[in-house]
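Undergrad: My structure is below; once you've seen it, I'll send some questions.
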Amino acid sequence: MMSSGRGPDRGRAGAGGDVLAAVPDAGGVPPGTDGHGGAADDGDADRVRRDPLSKALQLITWMVEQEPDNATWGIREIAGALELPPSTIYRVLVSLERLGLVESDDSSRYRLGMSFFRLAWRATARLPIHRAALAPMRDLVGVTNETALLGLLDATRLEMMYVAQVEARQALRYVVDMYEWLPLHAGAGGLGILAFLDERSWQKVIDRGLTAFTDRTITDPGRLLEQLRRIRSQGYIVFHGGRISGAVGVAAPVYGALGEVVADVVLTVPESRWSGRDEADLSRLLIACSGRITEQLGGYPLRRPGGIGS
């Protein structure tokens, strides 16, 4: 994910700073022209030199917001969308391609480059997820008056830990240990992440062994797979006493910028209070909360099939 890349050599500068390749007629505009056979406007060139950064950011932003994600665009197409001269777009693209932020194919159509994605991924990683999560979690607790937790996945360890908590104004509530690695198969917090991982991850967790924490922990592989498919289908989980006896957990996933699950939001409710709660209402509020966090992270849910054996 951190890999970087360089765009093709088309449009790169030589030792003296000269552009080595012009853009052919198929989708581009030769340098020094206005795209209609005439000379480029000197005033336009001056404006580019005065404010190249804003035009480059405008172009990158436009590419990011287009659909589908793997699209490529010709210079005239970009120029029309941004209402800028093709010659201006050409100069901006050449500069961005030197940096690897855009790449061009054999027909001189452009797309976002791997260096752009590397920078975007690194910038996203520097935004602590709990910073994005705290305000939505406070709103959730304000409405439900039950404690909310943010569980963070380590995709390498295939374990999770709680990294943020907003406590309810209740005399009876569960205190959860923070920043300790916890298994994914036991309790709502782990299952609310595991269900939205790929099936290879499911199998790895099963192969490690399904340790029992309470008499309600799922330790049978077949039953676990059935439960994971059910959670994935409905988009959330309600689980009673899977890791802590007497506690009910309700969890919904949070997604990252690549569509992968990165965390979940968990409401903890003592069983003594659960009988008076509306599961449909709590799950709706919880899914809305996790959706807000996903949106702030620039994420989206990656659609997966029902799971192993489905």
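The values are calculated or read from the model by the stated rules, or taken from the named source; none is laboratory data. Everything numeric here is computed off the predicted structure, so don't read it as measured data. Glycine also receives a Cβ, built like all others from the backbone with ideal geometry; neighbour counts cover every protein chain displayed.
Undergrad: Could you check how many residues of region 197-222 are of a type outside the set (Asp, Glu), without any contact (Cβ under 8 Å) to a residue 60 or more places away in the chain and in a helix (DSSP H, G or I)?
TA: Summing the residues that are of a type outside the set (Asp, Glu), without any contact (Cβ under 8 Å) to a residue 60 or more places away in the chain and in a helix (DSSP H, G or I) in region 197-222 gives 8.
Undergrad: From the set of residues in region 256-282 that are over 15 Å from LEU191 (Cα atoms) and among the hydroxyl-bearing types (Ser, Thr, Tyr), which is modelled with the lowest pLDDT?
TA: SER275
Undergrad: Shifting gears a bit: Is one or more of the residues making up region 186-196 buried (at least 17 other Cβ atoms within 10 Å of the Cβ), on the phi > 0 side of the Ramachandran plot, more than 24 Å from the chain's Cα centre (by Cα) and in contact (Cβ under 8 Å) with a residue 12 or more places away in the chain?
TA: Among the residues of region 186-196, at least one is buried (at least 17 other Cβ atoms within 10 Å of the Cβ), on the phi > 0 side of the Ramachandran plot, more than 24 Å from the chain's Cα centre (by Cα) and in contact (Cβ under 8 Å) with a residue 12 or more places away in the chain, which makes the answer yes.
Undergrad: Which of the residues belonging to region 130-161 are within 30 Å of GLN203 (Cα to Cα) and either surrounded by fewer than 19 Cβ atoms within 10 Å (Cβ to Cβ) or of a type in the set (Gly, Ala, Ser) (or both)?
TA: Matches in region 130-161: HIS130, ALA133, ALA148, GLY151, ASP154, ALA155, THR156, ARG157, GLU159, MET161.
Undergrad: Are there any strands (runs of 3 or more DSSP E) wholly within region 76-162 with 2 or more residues that are assigned by TED's automatic domain parsing to the domain that holds SER54, and if so which?
TA: It comes to 102-104, 110-112.
Undergrad: Same structure, new question: Quick one: count up the residues across region 171-185 that are without any contact (Cβ under 8 Å) to a residue 40 or more places away in the chain and surrounded by fewer than 16 Cβ atoms within 10 Å (Cβ to Cβ).
TA: Residues that pass the stated criteria total 7.
Undergrad: Let me ask something else about it. For residues that are among the acidic types (Asp, Glu) and surrounded by fewer than 20 Cβ atoms within 10 Å (Cβ to Cβ), tally how many sit in region 90-123.
TA: 2
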